[in-house]
Amino acid sequence: MKPFFWRVNAPRLLFIEPKRSASSEPLIDDLTRKITAAYREAEPSEYHYGGVHTCVCGASSSSFDYFLPDRTMTNSLCVHYLAFHRRDIPRRELRRVSKLSYGQSVPFAEELHGGRSRDSRPGDFIGKARLESLEALRIDIRSVYWCADEASLGERRVYFHLLSIFCRIPVSAIHRFVTALQKADQEAEEWSRNAHTSEGFKAATIRPLAILLRDPDQKTREWAAWSIGTLADTTYSGTIVVCRDDNKTEEATYCSTGLEKHQAGRVAPALLDVVQNESEASVRNAAIEALGKLGPPAEMAVNTIFELMHNCGCNELDRVAVGALCQIGNWAPVAAPVLIDDLINSNVAVRRRAAQLLARLGKEGRQAIPALLDVFNDETADIYLKRDVRQAIRAIDPSVAERLRRSTTHLGATTQDIINKCRGVDGS
C-alpha cells in the first residue's frame, strides 16, 4: 500500500466527471482491456477518504486511490469510465491509456462497476510484495484471507484485525517468521491449515512470535512485539452496520477475545525479558504495550515497567508505560509510595510528574491524598504544580476536590481541616 506523500505531484489518470448517462452495454475493446490490466497491477493507498465518489450513473468508487507501478495515480472507477462513459473521456486521457504497457485483460463484473477483482483483494489488504513473499515460502495467506472474508459479519471484523499483523510484517522478516514456525514445530503448510479460524490463527501464530522477540533484527523484534499485542488485544470491539444489496442493513457486534490464559502466561515472560534487556526504545515500548494488552496475566511485569518509567523520565515511555500499567491493573501498591516521596523532591519537574502520575492511579491512589494536600497548602509551591495537584486530587477523590474548592472560596472547612480529616486527626 502506498503512503500519502505518493499523492503529491503524482500523474493523475482518469479523474473525470462524466456528464452524460452511461451506455447500455459496456464497451470492451483494447483500451478497456489495457486499463483493466493496469488496474490489476495497481496498489491501493495507505490513506483513505471519508467517503466515496459516485458517478453520474450511480456507480461508486472505493475510498482509496490506486497507484500503478510507474506511480501514476488512478481510481477504482477507471475501468467503468472506459467501458460505460467513453464519450466523456478527453482524447489526451485515451492516448495515455493506449500507451499503457501492462498487457490486456477482460474486466470482471465488479471491476466494471468500481470494485476490485477477487484475485486482487488479498494483495490489496496485505500488500503485493508481502503476499508474493509469503506464498513463495508456502504460507498460504490467500486461503487464510478468504476464510476471514467468508466468516460471519462480527467474526470477520475480528479475524481481519488479527490478520492485519501481516500487513505490517517487514518483507525481510518473512523468511524469519517461517524459520520461527519450524522452531515451534510447525511447517508453513500446517500453519496455513491451522489458521483457518480466528482462534486457530492466534494459537498457531503466538509461539513463533515469541521466538522472534529474540531475533537479531530490530525491525523483526519490533514487529513481533507489536503483533503479540494485536493478538492479545481485548479492547477491539464495537458494532458494525452493513448495507446489503437489497438495501436492508445488517448489524453485528464484534469483540476480540485476546489470548487464552495459558497462552498469555507463556508469552508474558518473553515480553518481560525484552523490557528488561532491549536496547532499542521502539522494541521495548512495543513490548510494554503488548504486556498491557495481556492484562492481569502480565502482573509480574508491573514492578519492572514502573521502575523503568520512573527512572527514565521520557514522555513517550511515560505514555506507553502508564497505559500498560492501567490495563494490567493493581499497580498502585508499587507506584504510590514512590510517587508520594517524589512530591517532596526539590525538583519542581519531578514533583509535577509525580502529581500527574498519581492522577492516573485514580481511586487506587487514595493514600496519596494527604501528601497532595500538603503540597497544595504549601505557599511556596509553583502554581503549575498546584494545578497538577488539584487535578490529581480530583481524579483520585472528587469529594475531597470539592471540599478543597469550597475551602479556597471560603465556603467551608479550611485546607488544613481537610488534611487533618484525610489523616484521621481531630482538628479541634
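No lab work stands behind these numbers, since they all come straight from the coordinates. A quick note: this is a predicted structure, and the numbers were derived from the prediction, not measured. Cβ coordinates were reconstructed from backbone atoms using ideal geometry, including for glycine residues, and neighbour counts include every protein chain displayed.
The figures follow:
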read-out	value
Whole-number percent relative contact order across the chain, with pairs defined as alpha carbons under 8 Å at least 6 apart	8
Listed residues ALA371, ALA324, ALA290, most fluctuating in the chain (Gaussian network, C-alpha, under 10 Å)	ALA371
Dipole in debye (nearest 20) - region 123-258, about Cα centre, beta carbon charges: Lys, Arg +1; Asp, Glu -1	480
Sorted by Cβ neighbour density within 10 Å, fewest at the top, the residues TYR236, TYR159	TYR236, TYR159
Nearest-0.05 FRET efficiency for ALA349 and ARG266, computed from C-beta distance (R0 41 Å)	0.55
Selection from VAL241, VAL178, ALA321 lying farthest towards where the dipole of the chain points positive, charges on Cβ	VAL241
Debye, to nearest 20: dipole size of region 60-127, +1 on Lys, Arg Cβ, -1 on Asp, Glu Cβ	360
Sorted peptide list for 187-198, 76-87, criterion being average Cβ within 10 angstrom, highest first	76-87, 187-198
Cα convex hull volume per residue for region 257-335 (Å³)	80
Pairwise Cα inverse-distance average, inverted: Kirkwood Rh of the chain (Å)	25.7
Mean Cβ count within 10 Å, highest first, over the residues of peptides 221-229, 88-96	221-229, 88-96
Dipole of the chain [Lys/Arg +1, Asp/Glu -1 at C-beta], most positive-end residue of HIS85, SER152, LEU163	HIS85
Charge dipole of the chain about the Cα centre (unit charges at C-beta), most positive-ward option of SER282, PHE64, ILE211	PHE64
Kirkwood-Stokes translational diffusion coefficient of region 294-403, alpha-carbon pairs, 20 °C, 1.002 mPa s, µm²/s	153
Assigned charges on the beta-carbon of Lys, Arg, Asp, Glu; the chain dipole about Cα centre (debye)	1160
Sorted peptide list for 166-175, 121-130, criterion being average Cβ within 10 angstrom, highest first	121-130, 166-175
Largest to smallest principal axis extent of the C-alpha atoms in region 123-258, angstrom	51, 29, 23
The chain: most fluctuating residue of ILE206, ILE240, ILE305 per GNM, C-alpha cutoff 10 Å	ILE240
Lysine pairs meeting the criterion (Cα under 18 Å, 8 or more apart or interchain), as found in the chain	7
In region 95-150, the GluC sites (Glu not before Pro) that fall in loop regions by DSSP, at most 13 other Cβ within 10 Å	GLU150
